[in-house]
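Okay, structure first, notes after.
The values are calculated or read from the model by the stated rules, or taken from the named source; none is laboratory data. On a predicted model such as this, the values are computed, not experimentally measured, just so you know. Heavy atoms of the whole protein, side chains included, go into the accessibility calculation; ligands, DNA and RNA do not. Shrake-Rupley method; radii C 1.70, N 1.55, O 1.52, S 1.80 Å.
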Amino acid sequence: MKIRIGKYTLTSDGHHNLIANETAKRKDGGEPSLRPVGFFSKLEHFCKWALDQRVLKSKAESIEELKIEIMAAKAEIIEAVQELEHGKVGQGKKNKKSA
């Protein structure tokens, strides 16, 4: 499982953990790799963490700018979760057909 939410890629260890990863660029120019930055037992916990990270790293200079940034982050999270619920994750622009 790989779910892209904002700048994070959410993966699973196949058991009980969800892993938040950032894409790490390689110095040798090779293919980027995923670097774990957080572990979660529930999707809800990851979503709250991702929103907190966005707020903490925000360059907003007013409450209004911060509000806009929070709304954008929430929209990204909601869209990714809805895609997960509707089985669209990992399909890209092509629709997979059942056999």
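In summary, the aspartates and glutamates within cross-link reach of Lys74, defined as a Cα separation below 13 angstrom excluding same-chain residues under 8 places away, comprise Glu44, Asp52.
The mean accessible area for residues of the chain, using a 1.4 Å probe and ignoring ligands and nucleic acids, is 78 Å² per residue.
Computed from Cα atoms, the angle from the helix 43-56 axis to the main principal axis of the chain rounds to 40 degrees.
Taken over the chain, the convex hull of the Cα atoms encloses 144 Å³ per residue.
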